[in-house]
Each structure stands twice: as structure tokens, then as C-alpha cells.
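Peer 1: Have a look at this one.
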Amino acid sequence: MAESKIEWCRYTWNSWYVCTKMTYTDVETGLDIGHACDHCYAESWSKRSGLGEWGGDRKHTSPSIWKAPFKWNAEADRTGIRDRVFWGSLMDVADIEVSQQWREDAIAIVSQCTHLDWMMLTT
């Protein structure tokens, strides 16, 4: 990943692409009360880029993407400037349908890159 255009972070990092479309149902009435993924920018981006159908198969990102946080971490250590990384701009870290091994591998990288401030959103 390259530097981000998002103003509140310097980098974005996606361990994989695509996530589960979420809907919520009221437990008492059984009525559909909302769609957590309505207007999802990642789904729109996926359609434009041809990445794949949102809610479909997860796509593991390339080894070069998985190495990038170590480079950013080394730079932050060298300069003393903690950069913010948005982890999961095009995925959901807590996606229940992603491989547990992928998640553990990603968490290991985040845990090792201690000179970065990691931010993530999830449904």
C-alpha cells in the first residue's frame, strides 16, 4: 500500500480484500432493523476496480503489501515520528468468514510494528 489520501492517517494496510455484508435483526420482533454495510465505500471501490464481488471470496493481498508495515515501522523508529495506519480500509479485521490463520498472521505483524499507531474499523 502507498501513502493514504485519508487525512487522519498516513498509510492504509489491507491484509485481504472483501468482507461479509452485515444486516441486523431485532431479536424481539424478528424485523430487519438495518444494514451495516449500506453505502460502503469499499464495496463501491471493489466494483470499480474489478476486485471481486463484495461478500464473496476473500482475496489475500500480496507479500509486498504484507512487508510494507515493517518498512513504515523502521522509518518511524528512525525518525521518532509515529505514523497512523488504517488497518482494514477495504476489509473487516473481525470478518467472521476470513481464515483465522490470515487474521493471526496480520495480528502478528501489527504486534511487531510498535512504532506505528494502528487504527481499525469493524462492523
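Peer 1: If amide H atoms are built 1.01 Å from N in the plane of the peptide, which residues on other chains or at least 5 residues away come under 5 Å of the amide H of residue 16?
Peer 2: 61
Peer 1: Residues with beta-carbon under 14 Å from that of residue 66, excluding residue 66: net charge, scoring Lys, Arg +1 and Asp, Glu -1?
Peer 2: Details: positive: 59, 67, 71, 103; negative: 104, 105.
Around residue 66, the surrounding residues sum to +2.
Peer 1: From the phi angles alone, apply the Karplus equation (6.51, -1.76, 1.60; θ = phi - 60°) to region 103-112 and give each ³J(HN,Hα) in whole Hz, x where the residue is Gly or Pro.
Peer 2: 5, 4, 4, 5, 4, 4, 5, 4, 5, 7
Peer 1: If you don't mind, there's one more thing I want to ask. With a Förster radius of 41 Å, plug the Cβ-Cβ distance of residue 77 and residue 97 into 1/(1 + (r/R0)^6) and report the FRET value to the nearest 0.05.
Peer 2: Working: r = 35 Å, r/R0 = 0.86.
Step by step, r from the Cβ atoms, then E = 0.70.
Peer 1: If packing is taken as the average count of other Cβ atoms within 10 Å, what order do 82-91, 98-107 fall into, highest mean first?
Peer 2: Going by the mean number of other Cβ atoms within 10 Å, highest first, we get 82-91, 98-107.
None of the figures in this text is laboratory data; all of them are computed from the coordinates on show. Computed from a prediction, not measured in an experiment: that's the story for all the values here. Neighbour counts run over all protein chains shown; Cβ positions are idealised from the backbone, glycine included.
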